[in-house]
Amino acid sequence: MNRKYRKTIIAGNWKMNKTPSETKEFMAEFKSIMPKGRWCDVALCVPAVCIPTAVRAMRETRVGIGAENCNANASGAYTGEIAANMLVDAGCKYVIIGHSERRAMGETDAEVNAKVLSALKNELSPIVCVGESLEQRELGITEDWISMQVKCALSGVPEEKIRKIVVAYEPIWAIGTGKTATPEQAEEVCEHIRTVIRKLYGAKIARAISILYGGSMNEKNAFELLAQPDIDGGLIGGASLVPEKFVKIIEAANQPTV
Ligand code: PGA
């Protein structure tokens, strides 16, 4: 982390977990143990049907609510889909875009890019996920792959909007597997992502963008991961479903930075 230049963000990704009633229970417990005072930005990205409950529960707090996906189109005949402006109207501040689980369902880089542009147009902060498979890592093409994903996702994003973007590096082999990247492995790729952004937008912007790590981050390994200079927070799946665990990760983000 480097709080001098950029925000630290701890974001939860609930995936397809919790009902609206369970959301209400989680938020009540989370609120009662949430760290007070100087702490990082906190986001909780929840299933679409839980958004109204989450927004209502967190209204008086600094916790921003987010969605886990959006459609790139503004409106129309897209049965079952949700547009970015609908998320904003429901109270969302963030939207996860290009999660590997959605890419595995067929989402392309072009679609990820279109969704990023639509989110930005509606003043939502996109949390753009990139990450390599184990096979790609073993082939030694991680950096090339990540460069391609970042460049595609940010294609056509104007300089005045880029600061709203959050990038999450999530190695696919570390998601939900309990197999976390080492702090060195995670730092190496996060630093690379910043280099790609520097080449596209210049040093000042690259320095200001928050880059998160995701993939089995938990209350035990968060401190070490967050101590890396280019890891500005976490995108947390499993451990964000339990208030005490999520709070411990937020507390780990309150450590002194370089
Ligand atoms: P995990 O999920 O923390 O359960 O590995 C992270 C993510 O997929 O965002």
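Counting only residues that are within 16 Å of the ligand (Cβ to nearest atom) and either free of Cβ contacts under 8 Å to residues at least 24 places away in the same chain or at negative phi (or both), how many does the stretch 159-192 have?
20
Of all residues in the stretch 82-108, how many are touching a residue at least 40 places away in the same chain (Cβ under 8 Å) and either polar (S, T, N, Q) or within 16 Å of the ligand (Cβ to nearest atom) (or both)?
Counting residues in the stretch 82-108 that are touching a residue at least 40 places away in the same chain (Cβ under 8 Å) and either polar (S, T, N, Q) or within 16 Å of the ligand (Cβ to nearest atom) (or both) gives 8.
Got at least one residue in the stretch 63-81 being under 19 Å from the mean Cα position of the chain (by Cα), free of Cβ contacts under 8 Å to residues at least 60 places away in the same chain and farther than 26 Å from E111 by Cβ?
Among the residues of the stretch 63-81, at least one is under 19 Å from the mean Cα position of the chain (by Cα), free of Cβ contacts under 8 Å to residues at least 60 places away in the same chain and farther than 26 Å from E111 by Cβ, which makes the answer yes.
Picking from F223, F246, which residue would you name as being among the aromatic types (F, W, Y), over 28 Å from D144 (Cα atoms), touching a residue at least 60 places away in the same chain (Cβ under 8 Å) and within 16 Å of the ligand (Cβ to nearest atom)?
F246
Could you tell me whether the stretch 119-128 includes any residue that is away from the ligand (no atom under 16 Å from the Cβ), closer than 27 Å to T195 by Cβ and touching a Pro at 6+ places or on another chain (Cβ under 9 Å)?
yes
For the stretch 140-258, list the helices (runs of 4 or more DSSP H) that sit wholly inside it and hold at least 1 residues that are within 30 Å of K31 (Cβ to Cβ) and more than 17 Å from the chain's Cα centre (by Cα); which are they?
Because the criterion is at least 1 residues that are within 30 Å of K31 (Cβ to Cβ) and more than 17 Å from the chain's Cα centre (by Cα), the helices (runs of 4 or more DSSP H) in the stretch 140-258 that meet it are 222-226, 243-252.
Would it be correct to say that P256 is modelled with pLDDT of 95 or more, more than 30 Å from A114 (Cβ to Cβ) and more than 12 Å from the ligand (Cβ to nearest atom)?
In short, no.
Within the stretch 154-169, identify whether any single residue is over 15 Å from G233 (Cβ atoms), small (G, A, S) and at pLDDT 95 or above, and answer yes or no.
Yes, the stretch 154-169 contains at least one residue that is over 15 Å from G233 (Cβ atoms), small (G, A, S) and at pLDDT 95 or above.
Which one is surrounded by the fewest Cβ atoms within 10 Å (Cβ to Cβ), of the residues in the stretch 127-157 that are of a type in the set (D, E) and within 16 Å of R103 (Cβ to Cβ)?
E135
The values are calculated or read from the model by the stated rules, or taken from the named source; none is laboratory data. This is a predicted model, so every value here is computed, not measured. Cβ: placed from backbone, ideal geometry, glycine included. Neighbour counts: every protein chain shown.
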